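**Q** Below is a structure I'd like to ask you about.
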Amino acid sequence: MTRFMERFQIPLYLAALAVGALAGWWAPGLGGLAAPAVTPVLAALLYVTFLGIPLRRVGEGLRDLRFMACLVIVNFAVVPVIVFALVRAFSIEGPMLIGVLLVLLTPCIDYVIVFSGLAGAANDRLLAASPVLLVLQMLTLPLYLWSFLASDVAVAVHWGTFAQALAVVIVIPLVAAAVTQLAAARSPVARRWGRLAGGAMVPLMMLTLATVVASQIALVGSRAQALLPLVPVYVSFAALMAALGWAAGRLAGLRVRERRAVLFSGVTRNSLVVLPLAFAAQDGTVLAPLAVLTQTLVELLVMLALVGLVPRLVR
């Protein structure tokens, strides 16, 4: 069964998206029940992901200065230029602009590790880089917001939500995976548990996709007319950053797995982490958080496409 699910994981993920969308659309009350489950389900998925990475080798990623430099340049020098150009080209204004900036200016630190691993990227390098990316986005996001928006909006952002998201979604699963790996070296029971948990990757990803979509689809659908102009913005961003991430990896002379990781990092955004910030900065409307939710839905489809395309594009 595990081999079957791994072989047909992309169709299974598409099916999970469809089930989540139908459930959330036809039973809107289900979305309210699914929303609180997003964080624990995502944490469980990251635990299983971390469990499959030899954590003793994570330190090697931080010593790979060429990879780190490429990752930082793509996310904090190239991305802001692309975002600035897109919001001007598509005339994004008002509360939706806040949501677009929040989500596109922050590189993903959680499920990018899962999707990049499925495409054969160096997800252990991305795991090592996650704390660096988190700190840098906390430092640079207020500066970018001040550049794009009025200063009072930037001041209103509460950065404690980043620390909370880091603890729940990254730190706790990471520590749990490290403890499991240490225990597996000495305990047959821990080794069996590790193998069992590793086989749960595909079902957990399906559950995560279905839960996220079910929790958001009704909200997004209720304001579809207002949110529809954001779809070409997000699709254009993904296409441009995939091309620029591919080019940056080649220019930096990175190996294939690292080049794939840079591409995924440039495309994938921190939507689930910045969503509380969008609610805090929504200024009396729901358009800012819905702009973030719309990006999440678009990105999930993009990630599923990249899982199949990137191994062919980056060889």
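**Q** For the chain, build the charge dipole from Cβ charges (+1 Lys, Arg; -1 Asp, Glu) around the Cα centre, then report which of Leu12, Gln137, Ala190 sits farthest towards its positive end.
**A** Ala190
**Q** Let me ask another. So if a site counts as exposed when it's one of the chymotrypsin sites (Phe, Trp or Tyr not before Pro), its DSSP state isn't H, G, I, E or B, and it has at most 16 other Cβ atoms within 10 Å, what's the longest stretch of the chain without one?
**A** Details: sites that count: Phe8, Phe90, Trp159.
Longest stretch, sites excluded: 160-315.
**Q** Pop a pseudo-label 7 angstrom from the Cα along the beta-carbon direction at both Val179 and Leu149 and give the gap in nm to one decimal.
**A** 3.7
**Q** With the chain treated as a Gaussian network of Cα nodes joined by springs under 10 Å, which of Val41, Val100, Val135 yields the largest mean-square fluctuation?
**A** Val135
**Q** If each residue of separation counts as 0.36 nm, what is the full-extension length gain between Val189 and Met138 once their alpha-carbon separation is subtracted?
**A** 14.3 nm
**Q** Could you report the chain's accessible area per residue, 1.4 Å probe, as an integer in Å²?
**A** Values: 13900 Å² over 315 residues.
Counting only protein heavy atoms, the per-residue value for the chain is 44 Å².
**Q** Then there's this: Among (i) 1.23; (ii) 0.96; (iii) 1.03, find the value of Cα Rg over 2.2 N^0.38 Å that was calculated from the structure presented, and write down its label.
**A** It is the one labelled (ii).
**Q** Okay, next question. If contacts are Cα pairs under 8 angstrom and at least 6 residues apart, what is the relative contact order of the chain in percent?
**A** 35
**Q** Who wins for biggest fluctuation among Ala18, Ala77, Ala197 in a Gaussian network model of the chain, springs between alpha carbons below 10 Å?
**A** Judging by the Gaussian network model, the answer is Ala77.
**Q** Going through segment 13-112, which trypsin sites (Lys or Arg not before Pro) have at most 12 other Cβ atoms within 10 Å and a DSSP loop state? Each step should come with its number before you reach the end.
**A** Numbers: sites: Arg56, Arg57, Arg63, Arg66, Arg88; in loops: Arg63.
Here the trypsin sites (Lys or Arg not before Pro) that fit, given the DSSP loop and packing criteria, are Arg63.
**Q** With a/c under 1.5 counting as rounded, go ahead and sort segment 179-315 into rounded, prolate or oblate using the C-alpha gyration tensor (a ≥ b ≥ c being the square roots of the eigenvalues; past the cut-off, prolate if a/b is larger than b/c, else oblate). It would help to have the intermediate numbers written out before the result.
**A** Numbers: a/c = 2.34, a/b = 1.31, b/c = 1.79.
Here segment 179-315 falls in the oblate category.
**Q** Suppose every K and R has +1 on its Cβ and every D and E has -1 on its Cβ; what is the size of the dipole of the chain about the Cα centre, in Debye to the nearest 20?
**A** In total the dipole reaches around 1320 debye.
**Q** Among the trypsin sites (Lys or Arg not before Pro) within segment 176-229, which fall in a DSSP loop and have no more than 16 other Cβ atoms within 10 Å of their own Cβ?
**A** Those that pass, being in a loop and sparsely packed, are Arg186.
**Q** Then there is this: Extension gain Glu93-Val19, at 0.36 nm per residue separation less the Cα-Cα distance, in nm?
**A** Using 0.36 nm per residue and subtracting the Cα-Cα distance, I get 23.3 nm.
**Q** Here's another thing I want to ask about it. Give me the distance in nm between label points sitting 7 Å out from Cα along the Cα-to-Cβ direction at Arg7 and Ala69, one decimal.
**A** Once both label points are built, they end up 4.5 nm from each other.
The values are calculated or read from the model by the stated rules, or taken from the named source; none is laboratory data. Predicted, not measured: the structure shown is a model, and the values here were computed from it. Counting neighbours? That spans all protein chains shown, and the Cβs are built from the backbone with ideal geometry, glycine included. Surface accessibility is based on the protein's heavy atoms, side chains included, excluding ligands, DNA and RNA. Shrake-Rupley method; radii C 1.70, N 1.55, O 1.52, S 1.80 Å.
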